[in-house]
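The block underneath contains the structure these notes are about, expressed in structure tokens.
The values are calculated or read from the model by the stated rules, or taken from the named source; none is laboratory data. Owing to the predicted nature of the structure, the values given are computational and were not obtained by experimental measurement. Cβ atoms come from the backbone with ideal geometry, glycine included; neighbour counts cover every protein chain shown.
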Amino acid sequence: MLNTLSSTTPTSPGLWALAWRRLRSDRLAMLALAVVALFLVTLLLSATGLVAKNWDAEIGVNYAPPTFVGAQSAEERGVQDMNTAEALPPENPRDPLAAVIRQLRAERAVVVGSGGAAIDDYGIVDPLAGEIAEIRSGQGKDHAAAAIERRATLPFGADKWGHDIILKTIKGSETSIVVGLSAALLATVLGTLFGAVAGYYGQWLDDFFNWFYSVFTSIPYLLLILAVAAVLQQKGVLTIVLILGLTGWTGVFRLIRAEYIKHKSREYVLAADAIGASDMRRMFIHIFPNVSHVALVQLSILSVGFIKSEVILSFLGFGVPVGVASWGSMLNEAQNELILGKWWQLAAASVAMAVLVTAFSLFTDALRDALDPKLR
Amino acid sequence: MEQDILLSVRDLRVSFRLDKLSKQAAFEAVKGISFDIPLNTTVALVGESGSGKSVTALAILGLLPEENATVLPGSRILYGGRNLLELSRAHLRDLRGKDISMIFQEPMTSLNPVFTVGYQIAEVLRLHLGLSPRQAQARVLELLNEVGIPDPLAKSLAYPFQLSGGQQQRVMIAMAIACNPKLLIADEPTTALDVTIQKQILELLAALQDRHHMSVLFITHDLAVVGEIADQVVVMRAGEIREKGSNDQVFNQPRDIYTRALLQCRPSPEHRPQRLPVIEDFMQAGTLPPEPAERSRGLSGSEPVILEVRNLGKSFFSREGFFGQREFKAAHGVSFRLRRGKTLGLVGESGSGKTTVGLTLMRLHEATTGAALFEGRDLFAMPKHEFKAYKRRIQIVFQNPYASLNPRFTVGQILCEPLLIHGIGGSEAERMRLAHELLERVGLDEASYHKYPHEFSGGQRQRIAIARCLTMKPDILICDESVSALDVSVQAQVLNLLQDLQDEFSLSYIFISHDLAVVKYMSDEVMVMNQGEVVECANSDEIYLRPRHPYTQRLLNAIPKAGERIRGQINAD
């Protein structure tokens, strides 16, 4: 029964199915794919608000160290708690300005003290005074409550404001991966389109795109990015995607163009011409599936590159605006913290990025092997 | 025979792992073969693709790819009292090039493009014989002279691309005989060459073998070539030896049914049966099938003309300097008439412009001059969108069935696409029915519809390509070397199919080939082209019996004829 069934059902694995089969037997590739998938799932959960929704809640003390490092006192942390009274730096007895400083401090105390009293002295009856007092006291209570909840250590530490690093990294992955993937997609689509047109039609169109390509590649990459960033003015995820996508298509363009030049004179394309297939049909229905593996591998390589680029851009301050978590902004913050010995933010962002990039690269390599046209 | 044995192969078994990843059972390419190569003899190893003949040669040289090939235990290759399969790599390398050397099928890819040919030959001499550069240089000139290259001094400084295919193969031979090897292995040395060049190379090999008293292992798929050069013939099929014996015996009294089949299914210039016998006929019946009736060919002159080509010319231009252009006339002044239901054969060597004519007729590139009248309209003059309708009427089957089918399309998609483009068959279901019908017509089963081209053999792919053309019910079918890449037995099947289709639909064929025997078999009228020009055009029997142009005569003389040996002639000279 099973035999007759399998003989009547046509089972012919397509080339993608064969590639998938080869890929599946590659353990390292599967591990890499699992890691990438884990990142993507986390990203989805975070984007839908199921995870890391309250990443910006200040649940730890400032710079709370990771649990395995152990709690530190405020002095060790090198900052004063926001709840403790304004702690003044101890006086330096040898300071020639010590007397002046002392006087200024005294004056200020007087101003603050008398300022509060002065209002009362005008004799104006504030109808909202009661409420204000109530609110103030409420705030005080909240503040006190928050202060109680703030924890001295967090599993992976906290940043300057006491945000949990792990949640921040997860939230940051959203920006980084989305930017990386969508910029890579934009660059690949542009490169493929330009490459297909230039390679297929040749002649003046090819000359035009080559000229365009040469102009783009002759400008130093970072300068080009900064120039586009300056033109686009506003900061944001979309801007970075555009910057990276608009500047990153050149490599894909060259490869796809070369493939089209090679394929357009192949016999199967001539045969398609002979049966009357239009140019568009030959370009995208006949040739494209045969060169798509190049585009796919490029997409994958570019994604890795652009995740890193986003980090660099944010590090340089051309990336996402302040207040949006991304691995790049985390690294950017880390450069100031590192002097204070706060390494956990740097570590979290670097490890997350390194793991993803490594897994993605390994997967890309395996993908390229699996799609190797020699094995067709 | 009384000669001493130079090399003997005993129980050679070689297996290949097909896929590194899958744990499939290994495929046994050579299944325990034994044969001897006597001193001073030419032994031919004949077989179709997949017979294991090249694997055998590679095994002798120790050149099998290590990652997936295994020589099974018990195999022996004895040379000078030693088993070559047990020698260390270093010993084998000493033997290779010095005692045993090899020439390959593709001279262009076997020569290093960035060194002069003189340097490449000298390298062999320096490595194996330890000659000084000056001595090597002198020997290089001697060798080039010996293999018949004119002006050896100038040519020794030439790069491979500056030489013609025949000259490249001569250089390869010079390199192979540089150290006076005792055994020369020639793996399809003439397959990539034109017939006239092939004849010269065969003559050269025979002469060298005689002069240097070496043995030659000549590997080929073409029995006819073997007949001219071999003393002994070994016929292989699917990793087994079917027959071995002397040249005379194999060609005149073949014992094995497969050998007989091979001899019969190649079209010969003398006979033109209704259908060519195919190997299956022999293998199944076990005896010779009855001789089929002869088919008469030729034109009476009264058949209606379907296509008239006048003064067709195609030039390619290459840029020279800033503004200059150099014109290369691939074809010029080609005029002919194609008649309904008849076949026009187009013969010529590589570079003769025959393929250019085919492609230009399809407007796969645009003609430079001339007109092609089809039903009173000039195909070359009409605008592209109008020509699209005519594409249905003229179709082309390409040479390489591995390249002419899109690897990403299933057979069903391949067959339905032209129907879709030309709006034949209203619905999806109707198109599918038409495609299934055609598959059946070209002899493929229904399950093929959902398969991809890579799952088919060369002959089956060519059937798919033919079916694709038939979807549009063309009037004219251009066959551009359509059977040249196929094995003899498969070639016979495809030729029979083409023949049947012509009888059924009264198609007109333009049959382009370099193989004169095949063209003679298929054509009513034959046009001989040389360097872009038509040199002779006549009824096919006429041209074979009474060739007028010297070039045609030269071509005909070069056809290898089984049993007519060059060796005898040379020895007599």
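No other residue among A:Pro220, A:Pro289 is assigned by TED's automatic domain parsing to the domain that holds A:Pro321, without any contact (Cβ under 8 Å) to a residue 60 or more places away in the chain and under 16 Å from A:Val189 (Cα atoms) apart from A:Pro289. Out of everything in segment B:328-356 that is in contact with a Gly (Cβ under 9 Å, 6 or more places away or on another chain) and of a type in the set (A, V, I, L, M), what residue ends up being surrounded by the most Cβ atoms within 10 Å (Cβ to Cβ)? Result: B:Leu346. Report whether or not A:Gln298 is out of contact with any His (no Cβ under 9 Å at 6 or more places or on another chain), in contact (Cβ under 8 Å) with a residue 24 or more places away in the chain and of a type outside the set (Val, Ile, Thr). Yes: the conditions hold for A:Gln298.
For the list (1) within 23 Å of A:His263 (Cα to Cα); (2) away from every other protein chain (no Cβ under 14 Å); (3) not in a helix (DSSP H, G or I), I need the number of the one condition that B:Asn406 fails. Among (1) within 23 Å of A:His263 (Cα to Cα); (2) away from every other protein chain (no Cβ under 14 Å); (3) not in a helix (DSSP H, G or I), the lone unmet condition for B:Asn406 is (2). Between B:Gln399, B:Gln395, the distinction of being at the interface with chain A (Cβ under 8 Å from one of its Cβ atoms), in a loop (DSSP other than H, G, I, E, B) and under 28 Å from B:Val305 (Cα atoms) belongs to B:Gln399 only.
Screening B:Phe317, B:Phe322 for residues that are of a type in the set (A, V, I, L, M, F, W, C), surrounded by fewer than 14 Cβ atoms within 10 Å (Cβ to Cβ), free of Cβ contacts under 8 Å to residues at least 40 places away in the same chain and touching a Lys or Arg at 6+ places or on another chain (Cβ under 9 Å) leaves exactly one candidate, B:Phe317.
Whether any residue in segment A:55-63 is polar (S, T, N, Q), outside the structural domain of A:Leu296 (by TED's automatic domain parsing) and at pLDDT below 70 is what I want to check. Within segment A:55-63, none of the residues are polar (S, T, N, Q), outside the structural domain of A:Leu296 (by TED's automatic domain parsing) and at pLDDT below 70. For A:Ala184, the requirement of being among the hydrophobic types (A, V, I, L, M, F, W, C) and either closer than 30 Å to A:Ala334 by Cα or out of contact with any helix residue (DSSP H, G or I) (no Cβ under 8 Å at 6 or more places or on another chain) (or both) is met. Once segment B:476-507 is narrowed to residues that are within 14 Å of chain A (Cβ to nearest Cβ) and closer than 25 Å to B:His271 by Cα, the residue that is surrounded by the fewest Cβ atoms within 10 Å (Cβ to Cβ) is B:Ser484. With respect to the conditions (1) in a loop (DSSP other than H, G, I, E, B); (2) within 12 Å of chain A (Cβ to nearest Cβ), B:Ala447 falls short on a single one, namely (1). Quick check on B:Glu146: is it in contact (Cβ under 8 Å) with a residue 60 or more places away in the chain and of a type in the set (Asp, Glu)? It is true that B:Glu146 is in contact (Cβ under 8 Å) with a residue 60 or more places away in the chain and of a type in the set (Asp, Glu).
For segment B:418-439, the condition of being surrounded by 16 or more Cβ atoms within 10 Å (Cβ to Cβ), in contact (Cβ under 8 Å) with a residue 40 or more places away in the chain and at the interface with chain A (Cβ under 8 Å from one of its Cβ atoms) holds for at least one residue. Within segment A:351-367, the set of residues being over 16 Å from A:Ile312 (Cβ atoms) and surrounded by fewer than 18 Cβ atoms within 10 Å (Cβ to Cβ) comprises A:Val351, A:Val355, A:Thr358, A:Ser361, A:Asp365. Can you tell which of B:Ala381, B:Ala371 is over 20 Å from B:Ala538 (Cα atoms), in contact (Cβ under 8 Å) with a residue 12 or more places away in the chain and more than 10 Å from chain A (Cβ to nearest Cβ)? Just one listed residue meets the conditions, B:Ala371. Restricting attention to segment B:440-455, does a residue exist that is surrounded by fewer than 20 Cβ atoms within 10 Å (Cβ to Cβ), closer than 18 Å to B:Arg275 by Cα and more than 19 Å from the chain's Cα centre (by Cα)? Scanning segment B:440-455 turns up at least one residue that is surrounded by fewer than 20 Cβ atoms within 10 Å (Cβ to Cβ), closer than 18 Å to B:Arg275 by Cα and more than 19 Å from the chain's Cα centre (by Cα). Among helices (runs of 4 or more DSSP H) entirely within segment A:205-291, having at least 3 residues that are more than 20 Å from the chain's Cα centre (by Cα) and more than 14 Å from every other protein chain (Cβ to nearest Cβ) singles out A:221-232, A:250-264. Taking (1) more than 14 Å from chain A (Cβ to nearest Cβ); (2) more than 19 Å from the chain's Cα centre (by Cα); (3) not in a strand (DSSP E or B) in turn, B:Lys473 satisfies each apart from (1). Listed by position, the helices (runs of 4 or more DSSP H) contained in segment B:183-268 that have at least 1 residues being touching a Pro at 6+ places or on another chain (Cβ under 8 Å), without any contact (Cβ under 8 Å) to a residue 40 or more places away in the chain and within 22 Å of B:Val494 (Cβ to Cβ) are B:257-265.
Of all the numbered requirements in (1) more than 14 Å from chain A (Cβ to nearest Cβ); (2) not in a strand (DSSP E or B), B:Leu364 misses one, and that requirement is (1). The criterion of at least 3 residues that are buried (at least 16 other Cβ atoms within 10 Å of the Cβ) and more than 27 Å from the chain's Cα centre (by Cα) is met, among helices (runs of 4 or more DSSP H) falling completely within segment B:65-165, by B:117-129, B:133-146, B:152-156. Looking across B:Asp475, B:Asp503, one residue alone is farther than 25 Å from B:Glu48 by Cα, without any contact (Cβ under 8 Å) to a residue 60 or more places away in the chain and not hydrophobic (A, V, I, L, M, F, W, C). It is B:Asp503.
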